[in-house]
Ligand code: HEC
């Protein structure tokens, strides 16, 4: 008998190629990121384990216990979202997920797909990378910036910029024709006020370049 039974669980279950290397890579990925994801706390994750039911892929799995403690559950949800992002950067998309995580998982999948597409295209001679780059910039923006810089209520970035400029400059980043890629890059790497900075492991230099170009180009067309 477990004196502290859990009340269920959610899974984080990215799909990886069906080979031993992928299993080892996932184990490494898990070990390397565990501390950052949990803040060093034991959140009771189980795993990672690997499911072999499919012929062409493996599903790796980490289980997160759910409890009656809202504080603990919030930590679990934050950790889950972090895993989704980290895995997406490696090109790993989720097998399936609970409704409350579907948006993050879909964004992560798109990032993973576009990421892998961008790499193959860029290596092919004769393919102009411009469209790929701008699609990539859009994707990076949607994933990392839109949660705070979209239109509508409850957007911390949009609200703060509305307050800062009082309408003299657009509150929406994508309408700011005064921004340059250099300024965007500086702010993304250093953060400003309550806006966090982003590491190269989150937004690579290439992605940052695509992001800056996308923001500037979009603002120019919306002027
Ligand atoms: C957690 C919310 C959040 C996220 C995510 C976020 N920002 Fe911000 N951002 C803010 C806030 C809040 C401000 C206003 C800070 C201030 O008060 O000066 C801001 C300000 C900025 C500014 C400065 C604009 C100005 O005129 O002062 C730029 C540029 C910017 N963000 C770009 C980005 C980009 C690009 C991303 C995505 C990589 C991003 N932000 C992600 C919240 C966020």
Rank by packing, highest mean first: peptides 185-191, 145-151, 196-202, with packing defined as the count of other Cβ atoms within 10 Å averaged across residues.
-> 145-151, 185-191, 196-202
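Starting from the alpha-carbon convex hull of the chain, give the projected area averaged over all orientations, in nm².
Details: hull surface 62.1 nm².
Over all viewing directions, the chain projects a mean Cα-hull area of 15.5 nm².
What is the fewest-to-most order of 68, 9 by other Cβ atoms lying within 10 Å of their Cβ?
On the way: 68 8, 9 14.
Fewest-to-most ranking of 68, 9: 68, 9.
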Please state the relative contact order of the chain as a whole percent: Cα pairs under 8 Å, 6+ residues apart?
-> 16 percent
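Could you work out the relative contact order of the stretch 9-115, using alpha carbon pairs under 8 angstrom and six or more residues apart, expressed as a whole percent? Don't jump to the answer; show the numbers that get you there.
On the way: 146 pairs, mean separation 34.2, N = 107.
Reported relative contact order: 32 percent.
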Relative to the chain, whose Cα atoms define the longest principal axis, helix 181-190 and its Cα axis are tilted in degrees, nearest 10, by 40 degrees
Here the gain from full extension of residue 162 to residue 205, 0.36 nm per residue of separation minus their alpha-carbon distance, amounts to 12.6 nm
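Round to the nearest 0.05 the FRET efficiency obtained for residue 54 and residue 182 when R0 = 41 Å and r is the Cβ-Cβ distance. Write out the running numbers ahead of the final one.
Details: r = 46 Å, r/R0 = 1.12.
Rounded to the nearest 0.05, the efficiency is 0.35.
Nearest 500 deg cm²/dmol is fine: what mean residue ellipticity at 222 nm does the chain get from its DSSP H runs of n ≥ 4 alone, each adding -39,500 (n - 2.57), divided by its residue count? Spell out each step's value before the answer.
Values: 8 runs with 113 residues, N = 223.
Counting only the DSSP helices, I get -16500 deg cm²/dmol.
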Cα-Cα pairs of the stretch 9-115 separated by more than 24 Å (percent) | 18 percent
Express the relative contact order of the stretch 130-221 as a whole percentage, based on alpha carbon pairs under 8 Å and six or more residues apart in sequence.
-> 37 percent
Estimated distance in nm for a label pair at residue 21 and residue 7, the labels positioned 7 Å out from Cα along Cα-to-Cβ = 4.5 nm
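Give me the extension gain from residue 41 to residue 98: residue separation times 0.36 nm, minus the current Cα-Cα distance, reported in nm with one decimal.
Details: separation 57, 0.36 × 57 = 20.52 nm, distance 2.36 nm.
Extra length available between residue 41 and residue 98 comes to 18.2 nm.
Arrange 173, 111, 51 by Cβ neighbour counts within 10 Å, fewest through most, would you?
Working: 173 20, 111 23, 51 13.
Neighbour counts put them in this order, fewest first: 51, 173, 111.
Arrange the following residues from fewest to most other Cβ atoms within 10 Å of their Cβ: 169, 174. Present the calculation step by step, with values, prior to reporting the outcome.
On the way: 169 15, 174 21.
So the ranking, lowest neighbour count to highest, is 169, 174.
Every number in this text was worked out from the coordinates using simple rules, so none of it is lab data. Because the structure is predicted, anything quoted here is derived from the model rather than measured. For neighbour counting, all protein chains shown are included, and Cβ atoms are generated from backbone atoms with ideal geometry for every residue, glycine included.
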